[in-house]
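Below you'll find the structure, written out as structure tokens, and then a few comments.
Coordinate-derived values only; no laboratory data. Small disclaimer: the values here were computed from a predicted structure and weren't measured. We place every Cβ from the backbone using ideal geometry, glycine too, and count neighbours over all the protein chains shown.
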């Protein structure tokens, strides 16, 4: 697995206030409202649930376990009971984007947002960037709902900023495919182009999703892929003209020397 550590920010024009705001918002929700992940009453009330989004009605369930296949093995998965949702259920598509399941879940997401989000904020400007972030997150959440619209999967809660951050990574691939990214791979620090760092992450999401189609691994890979694709599509149209003009080419074609 490739873990990104830093990237080249030598051409960044300003401080990434919007990215920092998003990070602080996610941390605040996790620490204050979720009680460092211990306040299940809050989390399971405001989490996104496919069956609720499809029906438009709140669902309250008891905690239970179910058996799913994970990489060819049968695994018992704990499904927490859903709490009453005090807001219109469609709003959970937004509230779930700012909640996380654990400290490590939060830390991993915020690290990727800090590392890659500042460049995209620079490309779009703060307001467009925030709109882009929320749009990618919402599209990722809707994709998860559509792909888990029936059976027991429709009652599986989903939360986290991963879909929106995947959109940021998709935009990074479009706008900064050649930017130097320092990564840790096989206990070594190496510099690779952006398309390698982000591309390997995306391939891992696709493969993991195919191996975990029943969701037993506890990761919404479909939301990651959908968010990434959304970022690919929206990146240039939501970027400032200057950023579009200087965007890296994913493939560079050179004239053949006779």
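Data table
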| item | result |
| --- | --- |
| Centre separation in Å (Cα based) which lies between the range 233-248 and the range 124-152 | 20 |
| Residues of the range 9-28 with amide N under 19 Å of a point placed 7 Å along Cα→Cβ from residue 126 | 12-28 |
| Inter-centroid distance (Cα atoms) of the range 43-62 relative to the range 1-18, Å | 36 |
| Answer label, with Cα extents along the principal axes in Å calculated from the coordinates and candidates (1) 50, 44, 28; (2) 70, 41, 33; (3) 63, 46, 35 | (2) |
| Least to most buried among 93, 232 (fewest other Cβ within 10 Å first) | 232, 93 |
| Share of alpha-carbon pairs per 5 Å distance bin for the range 3-89, given as whole % | 3, 11, 12, 14, 15, 14, 12, 9, 6, 4, 1 |
| Folded to 0 to 90 degrees: helix 221-234 orientation relative to the chain principal axis, Cα | 40 |
| Neighbour-count order for 179, 57, fewest beta carbons within 10 angstrom listed first | 57, 179 |
| Over the chain: helical MRE at 222 nm, DSSP H runs n ≥ 4 each giving -39500 (n - 2.57), nearest 500 | -15000 deg cm²/dmol |
| Fewest-first ranking of 65, 135, using other Cβ atoms within 10 Å as the exposure measure | 65, 135 |
